[in-house]
Amino acid sequence: MSDTAPLVFVVDDDASVRESLEAAIALAGWRPRVFASATAFLACPATDGPCCLILDVGLPDVNGLDLQALIAGERSHMPIIFITGFGDVPMTVRAMKAGAAEFLTKPCRDDVLLAAIEAALERSRAAVDEIAAMRALRDRYAQLSRREREVMALIVRGLLNKQVGGELGISEITVKAHRGRVMEKMRARSFAELVKMSDRLASAPSRPV
């Protein structure tokens, strides 16, 4: 099994379920990591690569729905597939509204579970790619000088170079020079692309433009 294969985490207090899932996951070519409790899972370092979590609802320490809430922020790229022997409609609705990839009832067929895992991993790959793209975008924005950031903020609002110069008390020629450096450092191929970059940065909660 490749060390680069996606990780599939399993949290279930039933040893027979863990063993069965571990074997099925490994046979499918993924890397299984199994845990008997939420506490044990939380002690495991988070992974940055594609992954998913098969999670039992009824755990002895922290129940699956509460664990879902605990890891929602730091492991947002990890889709959760719930499995339970006593699911009901309110429980399913709560899990799905909180972003669960799937909610399955035990015992579930191998083909159904494997299909759910494959779909969850595809979703995880997309999330990982988006996180990497945002990190790269933030790194490029961090390379801008204070003045270049000021110019960028004004031009993406639709101000002309002359208007930007008036706002900042600099000449139009200087604005054009700053604008060119902004486009170069941000690797924007067009003004429209720069606007989209600005929108993405502004929507990121940790580091607004």
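With a requirement of 1 or more residues that are closer than 27 Å to A204 by Cβ, the strands (runs of 3 or more DSSP E) lying completely within the range 1-118 that satisfy it span 7-11, 51-56, 80-84.
A Cβ distance below 9 Å, combined with a sequence gap of six or more or placement on separate chains, defines the contacts here; from the range 87-108, residues that are over 13 Å from G58 (Cα atoms) reach residues that are of a type in the set (K, R) and modelled with pLDDT under 80 in the pairs A100/R94. Inspection of the range 136-156 identifies no residue that is farther than 30 Å from H178 by Cα and in contact (Cβ under 8 Å) with a residue 24 or more places away in the chain.
The set of residues in the range 35-53 being of a type outside the set (A, V, I, L, M), loosely packed, with under 12 Cβ neighbours inside 10 Å and more than 19 Å from the chain's Cα centre (by Cα) is empty. Across the range 107-165, the qualifying residues are those that are over 21 Å from the mean Cα position of the chain (by Cα) and among the β-branched types (V, I, T), and the one among them that is surrounded by the most Cβ atoms within 10 Å (Cβ to Cβ) is V151.
Quick check: anything in the range 89-103 touching a Ser or Thr at 6+ places or on another chain (Cβ under 7 Å) and not charged (D, E, K, R)? Yes, the range 89-103 contains at least one residue that is touching a Ser or Thr at 6+ places or on another chain (Cβ under 7 Å) and not charged (D, E, K, R). Exactly one residue out of A127, A120, A116 is closer than 19 Å to D56 by Cβ, small (G, A, S) and touching a residue at least 40 places away in the same chain (Cβ under 8 Å): that is A120.
What do you reckon, is D13 over 19 Å from V112 (Cβ atoms), surrounded by 14 or more Cβ atoms within 10 Å (Cβ to Cβ) and acidic (D, E)? Criteria met by D13. Out of curiosity, is R200 out of contact with any Phe, Trp or Tyr (no Cβ under 9 Å at 6 or more places or on another chain), surrounded by 12 or more Cβ atoms within 10 Å (Cβ to Cβ) and either of a type in the set (A, V, I, L, M, F, W, C) or at pLDDT below 95 (or both)? Against the criterion (out of contact with any Phe, Trp or Tyr (no Cβ under 9 Å at 6 or more places or on another chain), surrounded by 12 or more Cβ atoms within 10 Å (Cβ to Cβ) and either of a type in the set (A, V, I, L, M, F, W, C) or at pLDDT below 95 (or both)), R200 qualifies. Against the numbered list (1) free of Cβ contacts under 8 Å to residues at least 24 places away in the same chain; (2) of a type outside the set (F, W, Y); (3) over 25 Å from A15 (Cβ atoms), A43 comes up short only at (3). The residue list D61, D14 contains one member that is over 23 Å from I131 (Cα atoms), of a type in the set (D, E) and modelled with pLDDT of 90 or more, which is D14. On the basis of being in the same structural domain as L121 (by TED's automatic domain parsing), of a type in the set (A, V, I, L, M, F, W, C) and loosely packed, with under 12 Cβ neighbours inside 10 Å, does A28 make the cut? Spelling it out, it is not the case that A28 is in the same structural domain as L121 (by TED's automatic domain parsing), of a type in the set (A, V, I, L, M, F, W, C) and loosely packed, with under 12 Cβ neighbours inside 10 Å.
The values are calculated or read from the model by the stated rules, or taken from the named source; none is laboratory data. As the structure is a computational prediction, the values presented were derived from the model and not from experiment. Cβ sites come from the backbone with ideal geometry, for glycine too, and all protein chains shown count toward neighbours.
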